[in-house]
Amino acid sequence: MVGPPLLSMEGIGKSFPNGTVALRAARLTVHPGSVHGLVGANGAGKSTMIKVIAGAHEPTSGVVRWKGEEVVWRAPGAARKAGVATIMQHVPLAPTLSVLENVFLGARGPWRLPRARRAEFARLLERVGYAIDPDAEVSGLAIGERQMVAILQALATGAELVVMDEPTASLAEGERQVVFDVVRRLSAQGTAFLYVSHFLDEVLSLTDRITVLRDGTVVEEGETAGYDEDRLVQAIVGRDLLAVERKAAAPLADDARVLLSVRGLSSPAGVREVSFEARAGEVIGIAGLLGSGRSELLHAVYGADPRARGEVLVEGRPLRRTPRAAVAAGMALVPEDRGAQGLVGTFPIWKNISLPHLPALSSGRALPREPAETERAVRAIADLGIVCPGPGALPGELSGGNAQKVVFGKWLYGGARVFLLDEPTAGVDVGAKADILELVRAFAAGGGAVLVASSEFEEILAVATRVLVVREGRIVAERAAHETSEEELLMLANGFGEGGARDAA
Ligand SMILES: Nc1ncnc2c1ncn2[C@@H]1O[C@H](COP(=O)(O)OP(=O)(O)OP(=O)(O)O)[C@@H](O)[C@H]1O
Ligand SMILES: [Mg+2]
């Protein structure tokens with residue numbers, strides 16, 4: 001790229017009060033109209049770098065230049081005013097406001113007038129090729145839809161640089177395409193993007209240049225054309241690694257016990273007459289697109305949806321439909337939206353991991369009561385490769401992916417026999433992804449049953465024995481994992497039968 005850079009950062013250092021050094025002499029250059037990828041393992045410093053750009057963190061050292069001029073952005077407002085829009089890893093939308101109100105939150109100028117807003121909103125939707133009800137309340141939206149609202153919000157500010165921290169981590173295939181199209185279209189019109197993602201195929205197909213962070217330092221920077229997936233993985237983790245190895249769980253014994261039975265489960269939330277069984281040792285993939293009801297199904301099975309009707313039995317015993325009863329029966333749910341649902345911010349890691357055992361604990365304690373509590377946390381930190389100062393760290397001190405691993409560890413070591421996982425590796429880096437899938441296999445091999453809901457069908461096929469395809473709240477197809485493919489699952493999930501014809505249902 002020729003011409004002066006839009007943004008250039010040099011010698012950026014950032015230390016936190018707890019002693020963590022998140023960035024050391026990091027650098028980054030983004031040119032106008034280019035799409036720049038920023039990649040690295042969980043805890044490498046990507047979000048910290050982005051927060052420095054956004055004015056949310058002041059760097060401990062280094063220089064930031066915007067269009068050639070040195071700038072110090074001490075507050076998010078300053079960066080926004082200069083022309084930087086940032087979509088953070090955990091989308092901070094106002095849940096009780098409408099889509100429209102969120103999109104124009106903090107917007108200046110004519111968009112304060114309702115009529116102008118609606119017209120502009122319609123124009124934005126057209127630009128991004130996406131449809132959403134402007135009057136819907138954000139709290140009622142699925143996580144992927146909220147992500148789209150955040151993207152619209154960034155566009156509404158008319159930014160010259162849009163920074164996206166894992167914009168597609170929870171999106172289904174179709175919505176990812178929407179994000180890519182938006183990025184491509186707007187960059188062609190001169191908007192620059194800084195794009196953080198753990199989906200390396202996205203980074204490779206979408207970006208012009210790539211910066212690789214490892215342990216807070218830039219280890220590589222170059223044109224995307226010079227990379228392939230293997231080389232990129234190598235740069236990120238510093239060693240060769242198989243990204244997602246397909247190694248489905250071992251075949252079931254004929255006499256494997258039925259651990260979970262679901263009979264005629266329905267809910268106004270979008271679950272329709274779902275029935276299936278899961279046996280000990282089984283990993284069942286729930287393949288469905290965003291809005292297919294896959295998350296709603298898991299919630300209903302877990303008893304988290306009071307409006308659900310139907311029967312859920314664990315080892316033959318009917319469950320009362322509450323999460324408390326589910327936990328007592330040995331069921332655990334790792335929700336998709338881990339930021340909001342997974343962790344208690346004021347509790348250190350060890351205590352968060354101990355939470356499922358809470359009936360046995362008194363809540364006010366600040367120190368682990370038994371060495372076992374710390375031990376469990378230390379084991380989770382080691383098994384899942386959680387980057388943190390130790391079991392005493394708070395969730396807010398962790399990177400996004402590492403916080404997710406804590407939620408995962410909390411349930412994994414909680415003694416459950418039936419494990420419900422909603423997008424278990426969203427936001428987790430390539431190395432940890434392989435680790436988590438291996439832990440899922442081991443959990444099943446140890447006699448547990450697992451339901452894995454995911455929009456990443458590659459991941460489902462990598463662990464599952466059996467796949468249930470969910471569409472519009474129903475199971476529309478069932479396949480043995482070794483007898484199907486990503487392509488077939490995608491067709492089925494989109495409502496196409498094997499012959500390519502649309503299913504009647
Ligand atoms: N507020 C904070 N206080 C202390 N340490 C922090 C804080 N925020 C981040 N860190 C630490 O800084 C390091 C870099 O974190 P950062 O969030 O930038 O990682 P990341 O590359 O975005 O990772 P991920 O892919 O998991 O989102 C991590 O070791 C993290 O624990
Ligand atoms: Mg991050």
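The values are calculated or read from the model by the stated rules, or taken from the named source; none is laboratory data. These numbers were taken from a predicted model, which means no experiment stands behind them. Glycine also receives a Cβ, built like all others from the backbone with ideal geometry; neighbour counts cover every protein chain displayed. Ligands, DNA and RNA are excluded from the accessible area calculation, which covers all protein heavy atoms including side chains. Shrake-Rupley method; radii C 1.70, N 1.55, O 1.52, S 1.80 Å.
The table that follows gives values for the structure above.
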read-out	value
Dipole of the chain [Lys/Arg +1, Asp/Glu -1 at C-beta], most positive-end residue of Ile50, Thr224, Val314	Ile50
Cβ-placed point charges (K, R +1; D, E -1), dipole of the chain about Cα centre in debye, nearest 20	1700 debye
Convex hull of the stretch 7-237 built on C-alpha atoms - directionally averaged projected area, nm²	12.4 nm²
Three-way shape label, the stretch 24-65, alpha-carbon gyration tensor, a/c 1.5	oblate
Aspartates and glutamates whose Cα lies under 15 Å from that of Lys67, excluding same-chain neighbours fewer than 8 positions away	Glu10, Glu160
Charge dipole (the chain, unit charges on Cβ, about Cα centre) - positive-most of Ser275, Ala136, Leu7	Ala136
By accessible area with a 1.4 Å probe, ligands and nucleic acids excluded, highest first: order of His36, His31	His31, His36
Only Lys, Arg (+1) and Asp, Glu (-1) charged, at Cβ; the stretch 259-308 dipole about Cα centre in debye	60 debye
Residues whose placed amide H lies under 5 Å from that of Ile386, excluding near-sequence neighbours	none
Whole-Hz ³J(HN,Hα) from phi, Karplus 6.51 cos²θ - 1.76 cosθ + 1.60, for the stretch 343-352, glycine and proline x	10, 8, x, 8, 9, x, 3, 4, 6, 4
Helix-only CD estimate at 222 nm, as mean residue ellipticity for the chain, using -39500 (n - 2.57) per DSSP H run (n ≥ 4)	-9500 deg cm²/dmol
Antiparallel bridge percentage (DSSP; both residues within the stretch 7-237; nearest 5)	55 percent
Heavy-atom accessible surface of the chain: percent carbon and sulfur, 1.4 Å	52 percent
Exposed-loop-free span, longest in the chain, where trypsin sites (Lys or Arg not before Pro) count as exposed if DSSP calls them loop and at most 15 other C-beta atoms lie within 10 Å	370-505
Whole-number accessible area per residue in Å² for the stretch 7-237, which is evaluated in the context of all protein chains at 1.4 Å	41 Å²
Average silhouette area of the chain, convex hull of alpha-carbon atoms, in square nanometres	24.3 nm²
Under 23 Å from the Cα of Lys433 - lysines, other chains or at least 8 residues apart	Lys46, Lys247, Lys405, Lys410
Amide proton proximity set for Arg257, modelled H, under 5 Å, gap of 5+	Ala280
